[in-house]
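Trainee: First, the structure itself, so that you have it in front of you.
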Amino acid sequence: MRAGERLPPLEIPVTRTLIVAGALASRDYQDVHHDPELARQKGAPDVFMNILTTNGLVGRYVTDHFGPTAVLHKVAIRLGAPNYPGDTMVLTGRVEAVEGDTAVVRVVGANGLGDHVTGTVTVTVPEAGS
C-alpha cells in the first residue's frame, strides 16, 4: 500500500433490483427508491439509489481491493448525479496518503450522468501476524 497507488476500476450495473434491495436492506422506505410512478411524480425519471447503498458499495470496493483483513474506519462520501436503473456506475480509487498500516483512499463513482459519488475512505490493513 503506497501513496499514488490506483485501485482497479469496478463496474457495477445499476439495476432496479439493486436499488430496491439496497433501500430495503438499509430500511429506507422512501418511495423514490422503490416506486417508479411516485418517483416520477416527485420529479425523478425513475427510482434512484439511496446513499446507504452507495456507502456500502464504496466500502465493498475498498475492502475487496485490500482484502479480508481490511478495516474501514471512516467513509466520508458526497452524492452527485443519481444512479438510475439501466446505467453502470464505475468506481475508481487512488491511495492519497499512507501512515503505517492505515491509508486514505479517494474514491469516485461515475455513471452516464457524471459523478454519482465522491469521497474518501480511511482503511487499516494489518500486516500478517499482527
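Trainee: Go through the stretch 1-13 and count every residue that is within 24 Å of VAL123 (Cβ to Cβ) and either open to solvent by less than 50 Å² (accessible area, probe 1.4 Å) or not in a loop (DSSP other than H, G, I, E, B) (or both). Can you show your working first?
Mentor: Initially, the stretch 1-13 is screened for residues within 24 Å of VAL123 (Cβ to Cβ), giving 1-12.
If we keep only those that are either open to solvent by less than 50 Å² (accessible area, probe 1.4 Å) or not in a loop (DSSP other than H, G, I, E, B) (or both) as well, we get 4-12.
The qualifying residues number 9.
Trainee: Within the stretch 87-111, can you find the residues that are basic (Lys, Arg) and free of Cβ contacts under 8 Å to residues at least 40 places away in the same chain?
Mentor: At the first step, the residues of the stretch 87-111 found to be basic (Lys, Arg) are 94, 106.
Correct list: ARG106 only.
Trainee: Every residue in the stretch 14-39 that is touching an Asp or Glu at 6+ places or on another chain (Cβ under 7 Å) and exposed (fewer than 15 other Cβ atoms within 10 Å of the Cβ), please. Explain how you work it out, then say what you get.
Mentor: Narrowing the stretch 14-39 to residues touching an Asp or Glu at 6+ places or on another chain (Cβ under 7 Å): 14, 36, 38-39.
The answer is LEU38, and nothing else.
Trainee: Tell me which of these ASP28 doesn't satisfy, since it passes every other one: (1) under 17 Å from ASP115 (Cα atoms); (2) part of a loop (DSSP other than H, G, I, E, B).
Mentor: (1)
Trainee: Filter the stretch 68-120 for residues that are assigned to a loop (DSSP other than H, G, I, E, B) and open to solvent by less than 30 Å² (accessible area, probe 1.4 Å); which is nearest to HIS33 (Cα to Cα)? Give the steps one after another, and end with the answer.
Mentor: Our first condition is that a residue be assigned to a loop (DSSP other than H, G, I, E, B); within the stretch 68-120, this holds for 68-70, 80-87, 100-101, 112-113.
Filter once more, so that each one left must be open to solvent by less than 30 Å² (accessible area, probe 1.4 Å): 70, 81, 83.
On the way: ALA70: 30, ALA81: 15, ASN83: 11 Å.
Per the criteria, the residue is ASN83.
Trainee: I would also like to ask the following. Got at least one residue in the stretch 79-86 being over 11 Å from the mean Cα position of the chain (by Cα), farther than 28 Å from LEU24 by Cβ and touching a residue at least 12 places away in the same chain (Cβ under 8 Å)?
Mentor: Within the stretch 79-86 (the criterion being over 11 Å from the mean Cα position of the chain (by Cα), farther than 28 Å from LEU24 by Cβ and touching a residue at least 12 places away in the same chain (Cβ under 8 Å)), the answer is no, since none of the residues qualifies.
Trainee: Which residue out of THR124, THR54 is within 16 Å of MET1 (Cα to Cα), open to solvent by less than 40 Å² (accessible area, probe 1.4 Å) and at pLDDT 95 or above? Write out each step before concluding.
Mentor: Details: THR54 fails: within 16 Å of MET1 (Cα to Cα).
Only one candidate qualifies: THR124.
The values are calculated or read from the model by the stated rules, or taken from the named source; none is laboratory data. None of the values given here were measured: they were computed from a predicted structure. When we count neighbours, we look across all protein chains shown, and the Cβ atoms used for this are built from the backbone with ideal geometry, even at glycine. Note: areas computed on protein heavy atoms with side chains; ligands, DNA, RNA excluded. Shrake-Rupley method; radii C 1.70, N 1.55, O 1.52, S 1.80 Å.
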